[in-house]
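Structure, as structure tokens:
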């Protein structure tokens with residue numbers, strides 16, 4: 001009898017030491033594609049931090065990538081290791097500027113520095129995983145109703161991976177290709193979606 005009392009006491013003591021685990025709060029069910037596209041296209045503010053690897057012909061380079069959207073204003077910062085070759089593009093209502101210069105011929109300057117024309121207007125949407133509403137697009141979706149492959153404005157965009165962000169999934173790895181140019185973008189962090 002004494003052993004039984006000790007065993008029950010031991011089990012009760014042990015159970016009192018256990019940590020209670022709470023079930024994780026379930027995410028809201030994903031919205032249908034049309035609702036998601038409308039929501040993502042209407043976002044006026046967001047930020048991402050990541051990395052880009054570019055191959056142009058036989059040349060290649062890598063850079064950190066920071067993209068900030070805030071209404072009509074946008075800022076894209078690319079920098080190689082230790083900040084080498086850094087460039088900052090700013091889009092304002094006055095136009096596009098490179099490295100703080102007044103808006104002007106920034107598109108040609110960027111093309112000269114990068115070795116190809118960066119599709120900035122389209123890329124703003126592609127990063128979010130949706131086509132740019134300003135031009136025709138061909139889109140294939142995956143089993144989770146997310147963009148899998150997109151062809152638009154002469155570019156092919158392949159979405160290889162998504163990450164959870166604010167109860168939804170946003171691109172974490174995408175590859176853009178066009179006529180001898182390949183751009184691989186890895187997103188490490190999304191924030192400020194509104």
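The values are calculated or read from the model by the stated rules, or taken from the named source; none is laboratory data. None of these values were measured; they are calculated from a predicted model. Note: ideal-geometry Cβ built from the backbone for every residue, glycine included; neighbour counts use all protein chains shown.
Residue by residue through the range 151-171, note down the ones that are under 15 Å from the mean Cα position of the chain (by Cα), part of a strand (DSSP E or B) and free of Cβ contacts under 8 Å to residues at least 40 places away in the same chain.
157, 158, 159, 160, 161, 162, 163, 165, listed by residue number.
Can you tell me which of 114, 89 is touching a helix residue (DSSP H, G or I) at 6+ places or on another chain (Cβ under 7 Å), surrounded by 15 or more Cβ atoms within 10 Å (Cβ to Cβ) and either farther than 30 Å from residue 166 by Cα or at pLDDT 85 or above (or both)?
Details: 114 fails: touching a helix residue (DSSP H, G or I) at 6+ places or on another chain (Cβ under 7 Å).
Exactly one residue qualifies, and that residue is 89.
Of the residues that make up the range 134-148, is at least one farther than 21 Å from residue 58 by Cα, in contact with a helix residue (DSSP H, G or I) (Cβ under 8 Å, 6 or more places away or on another chain) and part of a strand (DSSP E or B)?
yes
Looking at the range 119-133 only, could you name the residues that are assigned to a loop (DSSP other than H, G, I, E, B) and modelled with pLDDT of 95 or more?
Listed by number, the residues that qualify are 127, 128, 129, 130, 131, 132, 133.
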